[in-house]
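Presented below is the structure to which this report refers.
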Ligand SMILES: Cc1cc2nc3c(=O)[nH]c(=O)nc-3n(C[C@H](O)[C@H](O)[C@H](O)COP(=O)(O)OP(=O)(O)OC[C@H]3O[C@@H](n4cnc5c(N)ncnc54)[C@H](O)[C@@H]3O)c2cc1C
């Protein structure tokens, strides 16, 4: 009898998360939990100013403090050729500042001491003399002619522009605009935000002089990339480097880059010959590590009177901070910004992107998104909202008219992506029904007559997940495939290792479910391990919703290889030829006699005890998976709000989310991902942003200023599902970790703007804090840019 | 958290604590709930040489309502103990309304009412509430106890008038002249945030006539804003839509908001005005309903 797939924790089972057992009991093992014998502690001295020449650094007073073992400065790093390191976008970043500091919070010196208290005391005892320089805190200042050049360390860098890049068909787009009946415009700012994982970054570097081996425990979403980078930068042989990412307390893209702290701790361990632990504090994390967004987006849409979209022009001006350290596939300068409008049938499109250096923290990481698609989709859905209004069309009907229809797949977007599947109209219908869209217009009018401001916002999108395929996607030349290795033990239990890196997604739970689905081995019988480069197969790590599309596919593929070998063993055990064998979940049987069969566990035992003549013993294999295309989940989100006209406070009345992420491996985990993403979307829309004052002081350096929503104010979410399997993924999954963060913010903003629509308000930039909403509703004017930080009367 | 090095004492009596404060001549700090002091030590904005932890002084852990309606809040009474507290809710509705809006539930299990008043944060909820209520603080020093009226106690941002060797042992709110009603409204960006603007209103009612009116504000100035003078226009009168509007405008006028990333000065004034109106209108409506 075939096994009941749900019972063994296979595909579609809402299996409880294996990870939670240890996390809930406080038995997780994070970097800071690891204690090695003789370990020293490192603390970083950060720049208090945003832009200054370093005139001198005096560390002598730090050495006066008992327990201080080593103080490192940029000069000492430079002597070892380690003052600068490469970024993920072919730029360089200072490890410890030598010439200038370029943002507030930049690493200036490091103290290694017996305990972290002493290290912190010693940091305060270091005297640095700064000569202040003019500060640039936005790209508009950066582009002014004659403005201070931030990167005077670089040759051929006359100003502050990093890149000027374009994609799309300009001529075709110009033509579309020439033929348009209506041209609708939108201009907005997606504020800087910070992923702010609960666990900050940190490392323990342990260099053993006797063996020559360097082991680094660290908070990395991509340990193999780190190993490769350390091999190249520190010129250590790759086999002598072991990177271990233990449990991660969240990542959200923040733990993809390589940070100065890691590098310094490695050098410190090499110099002191004992393990050196560095654990960043919250402020350090917020002011110096990879941020997200910070892009000004402008564009216009060419429309036919009846509502048909004809063309789209977009321009982005992005702020990358002091070093261009975006984590993104190397072919693209502004991530996958050109995925905007992928769910709509827009015949022509053109994007121009310009990026600038500023005196702000570097980063531009894919904060819970597939490389800048968050900004792309936010702009898309704000533009669509405005265009529908300009045409006098209903929001939903305008979308329905222009969404790519089910029978148009595969569909080539104007920017060149190939979307391959979806039921966009169906998702829209389900959402409209659930939010009560039918009588909403009447309800809104009635509410307005009582002085109440009601609004519904919609956001629909498909986004490109699961980079690569290797033809188009690589990071620093390393192709974006992924891998899995499966070893089935004698008793039919198994261990699976992948090149991905769990940081809350539940890989331990869901990878085992894929194995259960493919082999019929109960998920509980499968151990999943990731993050140790000495044992896990090479992989590109976990970010950009790529694990299920890529590593998850590798898991299915390796399980299929195992099944193919097991089939040969089964034929041998059943004494029939392989062609006469059939498979059902967990069991091979003889086609002519279903009763005669052997289980996968029988085959496993035989692989070690009774293999056919000439067959290699054992039952293990690996698979490297290079996806043929990206995967394209679809989301339709609906938010209903009521705005208090006297205070600008807006309350969320209802949120409806319709997600089509293809086949769901574990529906409960999927729902958790969507709710988490919607919470972050609500956060962006309402409160979560980082800004800088004119002197370059980061506003948002602690949790009193950088606001993360709590369970208290976060609205409830009503979730719906549609399943359109991915046509090329082995189990039809599409990836879902980020859909809600990506498409969610626009639904909230559209709702508030809709509530105020009759007052002439077209746009309120995020964060939609009550004071900004109040200003919009009392003046009827748009609210643009960041909240001012200058204090005044 | 890696603060600077500090010493620590855990006295069992107020006398012992006062003696320790005295002995350290200004270098020691009282540790109550630690919800303001410890974050400052974490950021190394505060680096006291010695902490005198009063959490071991069980005698300070109380809140009680006397037969005549006088309320005593001991120095170890946590914010949480003023929430869902029927005796307090009856005696001082403004405290009951404010308690669930102070910080977040976790902070409320530790932070103390008296500690918050001592801290005198211009954005703090309790200094404003006390100011509206018009009570006093009982301080104890080497020479014994003294009463300090709240208006003389909170004198500026993070400034109170305790001597270095004095401890605030309780807050006292006098019995009402009649029936005390009131409310507290706060605009915050999310739970656990300090006030963008908040309004404490407390009225003593004799029938439908106002016998005492206190209003104070948090978040809208460099210090706790005492709007009791503006509120006193209601004394001897019945609440009406007209006097509510004029008091709301008068209170908004004494606010001293500054423009910052939470909003413009004008916006904060608008919130103050709206909140005063909403609270007083609410009180008027309930009294009309009761009649
Ligand atoms: C996340 C967070 C959010 C918060 N949000 C709010 C908010 O929304 N509204 C709000 O009002 N507060 C808020 N607070 C502050 C909180 O209410 C504190 O509890 C309060 O301000 C101080 O009380 P405490 O008992 O913790 O005092 P402590 O931190 O122990 O002490 C504060 C200061 O008062 C002195 N002190 C304390 N008790 C005495 C005493 N009996 N005699 C003499 N001196 C004394 C101390 O020496 C110190 O200088 C928040 C705190 C946190 C951590």
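The values are calculated or read from the model by the stated rules, or taken from the named source; none is laboratory data. Computed from a predicted structure; not experimentally measured. In this analysis, Cβ positions are derived from the backbone assuming ideal geometry, glycine residues included, and neighbour counts consider all displayed protein chains.
Can residue A:725 be described as touching a strand residue (DSSP E or B) at 6+ places or on another chain (Cβ under 6 Å) and away from chain B (no Cβ under 14 Å)? When the stated conditions are applied, residue A:725 passes them.
Looking at segment B:276-291, is at least one residue within 11 Å of chain A (Cβ to nearest Cβ), farther than 24 Å from residue A:704 by Cβ and surrounded by 19 or more Cβ atoms within 10 Å (Cβ to Cβ)? Checked segment B:276-291: at least one residue is within 11 Å of chain A (Cβ to nearest Cβ), farther than 24 Å from residue A:704 by Cβ and surrounded by 19 or more Cβ atoms within 10 Å (Cβ to Cβ).
Within segment A:690-713, how many residues turn out to be facing another protein chain (nearest Cβ under 9 Å), in contact (Cβ under 8 Å) with a residue 60 or more places away in the chain and crowded, with 19+ Cβ neighbours inside 10 Å? Number of matching residues: 1. Just checking, does segment B:79-100 include any residue being closer than 16 Å to residue B:129 by Cα and either over 16 Å from the mean Cα position of the chain (by Cα) or within 8 Å of the ligand (Cβ to nearest atom) (or both)? There is at least one residue in segment B:79-100 that is closer than 16 Å to residue B:129 by Cα and either over 16 Å from the mean Cα position of the chain (by Cα) or within 8 Å of the ligand (Cβ to nearest atom) (or both).
Could you check, for segment A:254-267, whether at least one of its residues is on the phi < 0 side of the Ramachandran plot and surrounded by fewer than 20 Cβ atoms within 10 Å (Cβ to Cβ)?
Taking segment A:254-267 and keeping what is on the phi < 0 side of the Ramachandran plot, we get A:254-267.
With surrounded by fewer than 20 Cβ atoms within 10 Å (Cβ to Cβ) added as a condition, the list becomes none.
No, segment A:254-267 has no match at all.
Kindly indicate which of B:151, B:171 is within 12 Å of the ligand (Cβ to nearest atom) and in contact (Cβ under 8 Å) with a residue 24 or more places away in the chain. Working first, answer last.
Values: B:151 fails: within 12 Å of the ligand (Cβ to nearest atom).
Testing whether each residue is within 12 Å of the ligand (Cβ to nearest atom) and in contact (Cβ under 8 Å) with a residue 24 or more places away in the chain leaves just B:171.
Within segment A:776-793, being facing chain B (nearest Cβ under 7 Å) and either closer than 20 Å to residue A:705 by Cα or modelled with pLDDT of 95 or more (or both) holds for A:787, A:788, A:789, A:791, A:792. The helices (runs of 4 or more DSSP H) found wholly in segment A:106-205 and carrying at least 3 residues that are surrounded by fewer than 23 Cβ atoms within 10 Å (Cβ to Cβ) and either within 14 Å of chain B (Cβ to nearest Cβ) or in contact with a helix residue (DSSP H, G or I) (Cβ under 6 Å, 6 or more places away or on another chain) (or both) occupy A:116-125.
Confirm whether residue B:76 is in a helix (DSSP H, G or I), within 14 Å of the ligand (Cβ to nearest atom) and over 22 Å from residue A:120 (Cα atoms). Break it down stepwise before answering.
Values: in a helix (DSSP H, G or I): no; within 14 Å of the ligand (Cβ to nearest atom): yes; over 22 Å from residue A:120 (Cα atoms): yes.
In short, no.
Looking only at residues of segment B:121-148 that are under 25 Å from residue B:180 (Cα atoms) and within 8 Å of the ligand (Cβ to nearest atom), we find that the one that is surrounded by the most Cβ atoms within 10 Å (Cβ to Cβ) is B:126. So which residues in segment A:666-716 are in a loop (DSSP other than H, G, I, E, B) and in contact with a strand residue (DSSP E or B) (Cβ under 6 Å, 6 or more places away or on another chain)? A:688, A:689, A:700, A:705, A:715 - these are the residues of segment A:666-716 that are in a loop (DSSP other than H, G, I, E, B) and in contact with a strand residue (DSSP E or B) (Cβ under 6 Å, 6 or more places away or on another chain). Filter segment B:183-232 down to the residues that are surrounded by 21 or more Cβ atoms within 10 Å (Cβ to Cβ), more than 14 Å from chain A (Cβ to nearest Cβ) and assigned to a loop (DSSP other than H, G, I, E, B) and list them by number. Answer for segment B:183-232, where residues must be surrounded by 21 or more Cβ atoms within 10 Å (Cβ to Cβ), more than 14 Å from chain A (Cβ to nearest Cβ) and assigned to a loop (DSSP other than H, G, I, E, B): B:224, B:227. Before we move on, is residue A:422 modelled with pLDDT of 95 or more, crowded, with 17+ Cβ neighbours inside 10 Å and not in a loop (DSSP other than H, G, I, E, B)? No, not satisfied.
Here residue B:266 passes the criteria (1) within 13 Å of another protein chain (Cβ to nearest Cβ); (2) surrounded by fewer than 20 Cβ atoms within 10 Å (Cβ to Cβ); (3) touching a helix residue (DSSP H, G or I) at 6+ places or on another chain (Cβ under 8 Å) except the one numbered (3).
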